[in-house]
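Accompanying notes for the structure given below.
The values are calculated or read from the model by the stated rules, or taken from the named source; none is laboratory data. Just so it is clear, the structure is predicted and the values come from calculations on it, not from any experiment. Positions of Cβ are generated from backbone atoms using ideal geometry, with glycine treated the same way; all protein chains shown enter the neighbour counts. With ligands, DNA and RNA removed, areas are computed over all heavy atoms of the protein, side chains included. Shrake-Rupley method; radii C 1.70, N 1.55, O 1.52, S 1.80 Å.
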Amino acid sequence: MVEQTARDDVRVIRTGGSKINYRRPLFSTDNRYLLCASGDFVKVYSTATEECVRVLQGHKNLVTGIQLNPRNHLQLYSTSLDGTIRLWDFTDGILMKTFVVDFKLLALYTSAADEKSIFAIVPKDNNEISGNFQLVSINLPKSTDQEVAVKDVTVVLDDVHQSPKSIAFGREGQFVASVKSLELCVLFFKRRKYYRFPLSSKDRKGANNVFTCVACHPKEDCVATGHKDGKIRLWRNISNKQEYTYSTQHWHHNVVNDLIFSAEGTSLLSGGVESVLVQWQYKSETKKNFLPRLGGAIEHIATSPDGFLHCTSHSDNKIITIQSNLTVSAIIQGLVKGQEVLTGLMLDPRSKALVLNGKPGHLQFYSLQSDKQLYNLDIVQKEYIHQSSELNQTQVVKAAFDCQGTWLVTVEERKDETTDLEQQMKLWAYNEEQQSFALNTMINAPHESHISALCFQNLTGSRSGPATLVTAGLDCQFKVWILGDDSDIYRKCVCWSCDFVGTYHHLQATNCSFSEDGSLLAVSFEQIITLWDPDTWDLKCTFCHPPGKIQDLAFGRLSCSKYLLGTTDNGFLCCWNLLSCSLEWSTRLNVKVLQVDPLSENVAAFTEFSQVTDLFVFKPNEPRPLYMQKNVCSGLVQWALFVPREFPEDYNSDGKQWLARSQLYFLSASQNLMTFSTESVEERLTSSSKHLVIEENIPMTPLHVLLGKHREQQTNFVSEAKQTALPEGSATIDEMLHTPAHVLPNASFLCSMFVNSLMISKMGTSAKEEEVEEMDSEKEEDESDTEITLVEDEQETKEAYSAEELLPKLTKSEQKELKKLRKIDFSWIATL
Amino acid sequence: MSSYKPTVIQTYPKLGNKVTQDTLYWKNYKSPVQIKEFGAVTNINFSPIAPYNYAVTASTRINIYGRYSQEPLKTFSRFNDTAYCGTYRNDGRLLAAGSEDGIVRLFDVAGRAALRQYSGHTKAVQVTAFTSDKYHLMSGSDDYSVRLWDIPSTTELHCFKEHTDYIRCGCTSNLNADLFVTGSYDHTVKVFDARMDKSVITMEHGQPVESVLLFPSGGLLVSAGGRYVKVWDMLKGGQLLVSLRNHHKTVTCLCLSSSGQRLLSGSLDRHVKIYSTSTYKVVHSLDYAAAILSLALAPENEAIVVGMTNSVLNIRHRKHNENKQEKKKKGPSYRFFIKGKDYMPKKGDLLVSKPVKFHLKKYDKLLKGFRVSLALDAVLETNVRVKTPEVTTGVMQELNRRGVLQNALAGRDEKQLSVLLSFLIRNVVDPRFTSVLVNVAEIIVDIYSSVIGESPLVDNQFLKLQDLIEKEIDYQEELLEVLGMMDTIFATMTTKKNAVVCGNQNYALIAGPEEEPMVVA
């Protein structure tokens, strides 16, 4: 039926960042950077500006642990599920060394006492399913090679919990404490003494003594443990099997997720589901300080080595840096995940940001270009109670923007078993001065039942009249709301009010949609689509495709605006012609998500067939689909959205034409935001954005300002002189710049080589004049870029669909191939 | 980090008039003082200088009242016949009045007998006014003539006989001593200039003119006659600016508020309407017991004085919040508060702003600390639950949202339970609160069903509640029946028309031929 048009170069790539709350973040020694594991990368954030300064790419699986090199604080060790430990220079973003361990590494520790080796949690016998984990010491061999295989692995502790929070190293690395279920184990390295402190499992008075986390005091032999029931125990005199003591503190009403001692050991920080950071004074634990309402549940707490900063990472994909006096200094927010996305994906027409459910009761505005969250809009405006047993709280269930972005409508609902449905519809007007949305009208109980769909009327130039909103409800009605004037002599204002209520045979209204020019409203009532004239609210005609109930409804765009598309729950995609009022075509497709490109005639349909999701892109007036991709992602696609590009891309092949003006984003069932892209575009975008970010993040010191001026003058001078551009990506230049100075050959030798390289490469490459004066730094980045993207490509082509945790391990042959690839000069890619 | 978000209290749209700053202002008057005069009160005029006494013309007398006096301070009763239009001069020392016998009399406010008498009119003089240079006096009469008099010499300076009917109103410009305006029953308003020998501008009001008023700037003129109040632009040569028809009987008197921002008109329909002078919309309305003939505002709007046909003078004084000043505690000195506030930051100073403190209500403070029972107690205090039941209901809803409503309601003694039950009885049938309170009532019944029979007070209230709910159910059933009947009526109507009929709000019934289902391909 359909031609196979899928090209290999249109690929599904993951966007929207990864979880930044997966592991405990880490401060650099000078407090300038905050490092955190994020998916397969390690991200370096500036603590001052909250910007992501660098992304350390190289691991091929989830990064599970990061630690500073105890011997050099400008270097970072990272472990990953791919079985490697990598050593990075994180200020420059250079991978220095790779240690291949061939174990799945689940956590990483360093010890002050033993600088030569590092510690990691690995599954016993490399068998993760067994559930047995070990703490091992890995002796890193000294070698000049880039890639070193590590053989020297010794087991330190057997039978440990796999969570990195269950193991902590004590004062100067003298002992290690580990907790698992109801037992605390302490091992003293020097004396090789091993102590076990079991707790009773009795569930008396709701007590639940299961350990969740452990921390060791940096100066004394004291171990703090957190428990499932919210208790914190401080263990002292642990070197004595009989005369150990512990004191219990109980403030948290729920599980203690993490706890840590401050750098000097004067206070203990703990946090849990309540999202309250508690600061306990060491040795006078009755004195507590609180920092409440931090957002999502606290997952990890970290402190800086000098004790000036703390940071907490939260379940809503957020890291908060907190000063030592418990004031929040910065918030690093990723795309909020975890909440069910009920509103679907929307595009804010003003900021071109992606809008979807964010924090509970909020809408998040997420910039796709800069890949970061712009802001959160508080819709519900009620206090959110953090409780482990989920309360039935008010949720934002529907939202829509009008085409100019001046109005936003949101619907929030709360339903529990005993009370009626609490439903509110809020209309928000964009305030130019505050650059944000302000509440204009609030309507209590707009419908008697759930609102199934809502849409604004597109007011194009030819149409006049007040702004119009249509809501369809399961109470068998659809309502029309119009913007009216509510001003009097004291103030000028506008408000929304109900203008018309329509029903059809007492059927539930399930969908509503306006045509592109706003001249026709389609409302579906179970099996039947009704068409209404928005001027008179007369019923014009009805369509149906029995016996299926209409699931989704969309008007065609541009030249296809005479078509109306509908999907039914019995697996049909139908297209009706509005001019002849007849069915144009229908096909058997179990469409889950139907999305229309606003800038072209294209329609994207995600179909589901036996748990496999396929994508079809078609024009309603053409019998063949433009593009088809099988098995887009594992699981179902929840929502999809066409996002117009800022600048149209040039695609000459037909199969990619549909990507030229808009980009298709979709949200998978596992809440990963994905998009379709091609290699070259993606590459160009990442490299350009990267340059920008790094340049922006150079702190403004007086010297910088001075130098900047000097530079600028130089630049002018250079451009005036019209110096011929230097080519990029030459192997010689790279070699020259990357070889350490002490191994470089004589300068005279290099000179001729350099000149030669210029002569050769000039023929084929186009040059960028403006980057000349920064040649050295640029070169460096270009080089690393190409390498990184290559690695990324490899990885993505193979593993783009699978969830982060399920990434398969690379085989040895593949790794060899990769190594080969790395040796080949790929600098020519940069010039494409 | 984000601060505590206070409990959302639902606001419900209020029925009736909206409360605006104008309604608040004009309602802030004490209950009226009523003084019985001898006849219909035709004119009230305030002295322009302190202590702002006012002259009230009624029947054959002019009474001078002080600000708070119930008895007249002084009475001028040397009139042979009905007196009209007792008017103060702008220095407050002289008073002029017309009379039914056609003589204009001039009184010294301090004296008793008339200082001068100006005779020349052949019929009753109903209008007198001093010019702003204090030396001349204007009078208008039922003999259709307007005369200008020299005060000291009692000589007649001008006589304009342009009107063709009774002259019942007039005023002088306070900017130009030569300008004055008269309104007549011949439906015209004429502007005269003493330097010319005929009227300068004539405006056609359309009804017999009962009152005219010049704005202090002299740019706008207001005339009242019939049911209309009309505003004229003098600078455009008497162009009609706006015509107001807010009364349903003849408008008899006009008055400006002291700021010039509001215009007041009194009418025989017993209302005083207050207009904004920028938009000419009615912002407030005052009701009186009888038809209003005269109206005056004290300087600074300190009092509204209205004279009516039933010879009652109605005086309303402005309320002042005197109590607040008495209660003021002696706190720290002003210098203490101002300390450091007047410091101007120098260039390069680092400004640290003081955090703004948000004031939380008592129940919010308790909710913030998760003390749910106490929070419920706080909103069940008498003044909260009686005056603002929406706050009590809002907090109950919030407790339910937090899943702790049951805990908060439990463990109450007889007195507290009876308070809760009385609140329920009072509000459970209120449609604004029903959805929340039904749930509360169910929980209370669940919790306290075991103690029924222990306290006669509580038992009684439970019975009352039951009774109330039964009545409400019956009522709702009846309403549904009515709704059903209406549905039938609407349905019959639509079948006759055989087309789509759309009800305005709740009924959109669609009948008519249904399209054939599309053919499945």
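Using a probe radius of 1.4 Å on protein heavy atoms only, what is the accessible area buried between chains A and B, both sides summed, to the nearest 100 Å²? Write out the running numbers ahead of the final one.
Values: alone 38740 and 30130 Å², together 65140 Å².
Roughly 3700 Å² of accessible surface disappears when A and B pair.
Kirkwood-based Rg over Rh for the stretch A:412-474 (C-alpha set), two decimals? Mind dumping the intermediate values first?
Working: Rg = 14.9 Å, Rh = 13.9 Å.
Here the Rg-to-Rh quotient is 1.07.
Roughly how crowded by other chains is peptide A:409-420, in terms of the mean Cβ count from those chains within 10 Å of each of its Cβ atoms?
Numbers: counts 0, 0, 0, 0, 0, 3, 0, 4, 0, 6, 10, 5.
The per-residue average across the peptide is 2.
List the residues of the stretch B:410-446 whose accessible area drops by at least 30 Å² when all protein chains are present, compared with their chain alone, using a 1.4 Å probe and counting only protein heavy atoms.
B:435, B:439
Taking Cα pairs under 8 Å and at least six residues apart, what relative contact order does the stretch B:362-472 come out at, in percent? The partial results should precede the final answer.
Details: 87 pairs, mean separation 25.5, N = 111.
Across the stretch B:362-472, relative contact order equals 23 percent.
In the protein assembly as shown, carbon and sulfur make up what percent of the accessible area (probe 1.4 Å)? Intermediate values should be presented prior to the final figure.
Details: 34060 of 65140 Å².
For the protein assembly as shown, the apolar C and S fraction of the accessible surface comes to 52 percent.
Residues of the stretch A:376-476: accessible area per residue at 1.4 Å, in Å²?
Values: 4110 Å² over 101 residues.
Result: 41 Å² per residue.
By the scheme Lys and Arg +1, Asp and Glu -1, what is the net charge of all other residues having a beta-carbon under 13 Å from that of residue A:249? Provide the component values of the computation, followed by the final result.
Values: positive: A:231, A:233, A:283, A:287, A:288; negative: A:229, A:285.
Neighbourhood net charge equals +3.
How far, in nm, would the chain grow between residue A:290 and residue A:747 when pulled straight, counting 0.36 nm per residue and subtracting the alpha carbon separation? Show your work: numbers first, answer last.
On the way: separation 457, 0.36 × 457 = 164.52 nm, distance 6.15 nm.
Additional length available on full extension: 158.4 nm.
For the stretch A:169-252, which GluC sites (Glu not before Pro) are both in a DSSP coil and crowded by at most 11 other Cβ atoms within 10 Å? Please report the intermediate quantities before stating the final value.
Values: sites: A:172, A:183, A:220, A:243; in loops: A:220, A:243.
Taking the stretch A:169-252 and a limit of 11 other Cβ atoms within 10 Å, the loop GluC sites (Glu not before Pro) found are A:243.
Could you tell me the convex hull volume per residue, in Å³, taken over the Cα atoms of chain B? Walk me through the numbers before you get to the answer.
Details: hull volume 191.2 nm³, N = 521.
Measuring per residue, one finds 367 Å³ for the Cα hull of chain B.
Using R₀ = 22 Å, calculate the FRET efficiency as 1/(1 + (r/R₀)^6) where r is the Cβ-Cβ separation of residue A:813 and residue A:96; round to 0.05. List each step's numbers first, then the result.
Working: r = 26 Å, r/R0 = 1.16.
The computed FRET efficiency comes out at 0.30.
Kindly identify the stretch A:459-537 as rounded, prolate or oblate by the Cα gyration tensor criterion: order the square roots of the eigenvalues as a ≥ b ≥ c, call it rounded if a/c is under 1.5, otherwise compare a/b with b/c, prolate if a/b is larger, else oblate. Kindly include the intermediate steps, with their values, before the conclusion.
On the way: a/c = 3.25, a/b = 1.66, b/c = 1.96.
Oblate.
With +1 on the Cβ of every Lys and Arg and -1 on the Cβ of every Asp and Glu, and nothing else charged, how large is the dipole of the stretch B:212-313 about its Cα centre, in debye rounded to the nearest 20?
About 380 debye.
Rg to Rh for the stretch A:563-680: what is it, with Cα atoms only and Rh by Kirkwood? List each step's numbers first, then the result.
Numbers: Rg = 14.4 Å, Rh = 14.9 Å.
Rg/Rh: 0.97.
First select every other residue whose beta carbon is under 11 angstrom from the beta carbon of residue B:59; then total the charges, Lys and Arg +1, Asp and Glu -1. Mind showing how you got there, number by number?
Numbers: positive: B:61; negative: B:37, B:81, B:100.
Value of the local net charge: -2.
For the stretch A:584-612, list whatever residues lose no less than 10 Å² of accessible surface once every protein chain is in place, relative to that chain by itself, with the probe at 1.4 Å.
With the partner chains in place, the stretch A:584-612 has these residues losing at least 10 Å²: A:586.
Other chains near A:380-387: what is the mean number of their Cβ atoms within 10 Å of each residue's Cβ?
Numbers: counts 2, 3, 7, 13, 2, 6, 0, 2.
Partner Cβ neighbours, averaged per residue: 4.
With N set to the number of residues, divide the alpha-carbon radius of gyration of the stretch B:177-270 by 2.2 N^0.38 Å and report two decimals. Present the calculation step by step, with values, prior to reporting the outcome.
On the way: Rg = 12.8 Å, N = 94, 2.2 N^0.38 = 12.4 Å.
The value comes to 1.04.
Loop-only check: which GluC sites (Glu not before Pro) in the stretch A:264-372 are DSSP coil with at most 10 other Cβ within 10 angstrom? Don't skip to the answer; put the middle values down first.
Working: sites: A:264, A:274, A:285, A:299, A:340; in loops: A:264, A:274, A:285, A:340.
Of the GluC sites (Glu not before Pro), the ones in loops of the stretch A:264-372 whose Cβ has at most 10 other Cβ atoms within 10 Å are A:340.
Kindly provide the Kirkwood hydrodynamic radius of the stretch B:24-317 in Å, to one decimal, from all pairs of distinct alpha carbon atoms.
Values: mean 1/r = 0.0533 Å⁻¹.
One over the average 1/r among Cα pairs gives 18.7 Å for the stretch B:24-317.
P(r) of the protein assembly as shown in 10 Å steps, Cα pairs, percent per bin?
With a bin width of 10 Å, the distribution comes to 1, 7, 11, 13, 14, 14, 13, 10, 7, 5, 3, 2, 0, 0.
Output the residues of the stretch A:485-503 meeting this criterion: accessible area (heavy atoms, 1.4 Å probe) in the chain alone minus accessible area with all protein chains in place is 50 Å² or greater.
A:489, A:490, A:501
Quick check for you: with a 1.4 Å probe and neighbouring chains kept, what is the accessible area per residue of chain B, in Å²?
Computed with neighbouring chains in place, this is 54 Å² per residue.
So if I average 1/r over every pair of distinct C-alpha atoms in the stretch B:362-472 and take the inverse, what Kirkwood radius in Å does that give?
Working: mean 1/r = 0.0712 Å⁻¹.
Hydrodynamic radius (Kirkwood, Cα pairs) of the stretch B:362-472 is 14.0 Å.
In terms of the Cα gyration tensor, with a ≥ b ≥ c the square roots of its eigenvalues, is the stretch A:128-259 rounded because a/c is under 1.5, prolate because a/b exceeds b/c, or oblate? Write down the numbers at each step before the final one.
Numbers: a/c = 2.20, a/b = 1.70, b/c = 1.30.
Because a/c hits 1.5 or more and a/b exceeds b/c, the stretch A:128-259 counts as prolate.
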